[in-house]
Every structure is written in C-alpha cells, then in structure tokens.
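Please read the structure below before turning to the comments.
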Amino acid sequence: MISKTIEKALNTQINAEFWSAYLYLAMSADMAHKNYKGMANWYRVQHQEELDHAYMMMDYLIRRGGKVVLEPIANVPSEWATPQQALAETLQHEQKVTQLINNLYATAESEKDYATRQMLNWYVAEQVEEEDSVQDLVDTLMRIGDDPTGIYKFDLEQAKRTYTPASKG
C-alpha cells in the first residue's frame, strides 16, 4: 500500500503531465495555424509523449493501491510569436518538469518508498533526454536566426519526427 503523502504527490505529478500534454497540443495547434507543419508535428508527438508519462504514472499508482484523482486542467497559452519563442518556452517548461520530478523523487526518498523511487528513475532519465533534445532545437534555431530558408528547412526536418510509445522496459 502506498502512503497518502506519495499518493498525493503522484497525483499532483499526473495532473502536471496532463497539463504539459495540453500545453504541447496548444503549441501544435498554433504552429499548424501559422503553417509551420513540421513544428506542429513535433509538438503533436510531444503531446502524445506527455500523455504516456501521465498514463504510466497512473498505472503505477493504481498497482500500488493508490487512487488517481484527476483535477481540471488549468488554461494554457494559445499563441507564440515564432517557433523560436515556442521552443524557448518549451525548454523552460521542461526544466520546470525536471524540478517537479526531482522533488517527487526527494519525497519518495524521505518516505523511504524505494519502489516509487525506482519507478521515478525512468522519469529522471527521461527529463535529461527531454531537456537535451529541446536545447538542441533551441541552439539550431539560434544559429539559423531569421533566415527564412533556414527556418523552412528546420520546419521540414521536424515533420519527420514520429511517435514512439514510451516504454519502461
């Protein structure tokens, strides 16, 4: 049986993961509206990955005897001036998620819940990957600057991203 402290902390993170998915879906819609089809695809894939993260955490909580409590999803922004601005905000958001995961890990540690800590190892590693991949995109766009051809090619490249369901195995 999972402690009430861990149950509450996991529910908070589950809801944060759904908020992240909603944010990335909004970014996808905005990029599509602005005819950045590749970026729209990149964010749609990101949206799907965040849903996976939430579902995996929900499944874990249920397996441990906890109750999932879904809260209303708070409003997300709906417009970004440029792909550069969207990706800069994405990087900031992923850094915030990393901190949330680290705090959750610390809570599991303080509760001596080693099973939850072990489960969270996957999320810790995932956040390193998330921040690194977004930082690469931010850096690439910084080098491209305002060059329309470069932005066009960058957008085309993002259209190639495909969704691969998350796996903890």
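Derivation of every value follows stated rules applied to the coordinates shown; laboratory data play no part. What you are looking at is a predicted structure, and each value in this text was computed from that prediction instead of being measured. Quick reminder, even Gly has a Cβ in these numbers, built from the backbone with ideal geometry, and neighbours come from all protein chains shown.
A few remarks follow.
- Among 6-14, 67-75, the order from most to least packed when residues are scored by Cβ within 10 Å on average: 6-14, 67-75
- For the chain, the longest principal axis of the C-alpha atoms and the axis of helix 37-63 are separated by about 0°.
- Relative contact order computed over the range 4-158 (Cα-Cα under 8 Å; 6+ residues apart), in percent: 28 percent
- Rounded to the nearest 20, the Cβ-based charge dipole of the chain about its Cα centre (Lys and Arg +1, Asp and Glu -1) stands at 540 debye.
- For the range 124-138 versus the range 55-74, the gap between their alpha-carbon centres in whole angstrom: 25 Å
- Against the main long axis of the alpha-carbon atoms of the chain, helix 148-158 sits at an angle near 40°.
- Relative to one another, the C-alpha centroids of the range 1-29 and the range 103-120 are positioned 16 Å apart.
- Per-residue packing, averaged as other Cβ atoms within 10 Å, sorts the ranges 90-103, 150-163 into the order 90-103, 150-163, beginning with the highest.
- Lysines whose Cα lies under 30 Å from that of LYS112, excluding same-chain neighbours fewer than 8 positions away: LYS4, LYS8, LYS67, LYS96, LYS168
- Taking the longest Cα principal axis of the chain as reference, the axis of helix 4-33 is set at about 10 degrees.
- Gyration tensor verdict on the range 1-67 (Cα atoms; rounded if a/c is under 1.5, prolate if a/b is larger than b/c, oblate otherwise): prolate
- Between TRP42, LEU10, THR82, the Cα set farthest toward the positive side of the dipole of the chain (charges on each charged residue's Cβ, about the Cα centre) is that of LEU10.
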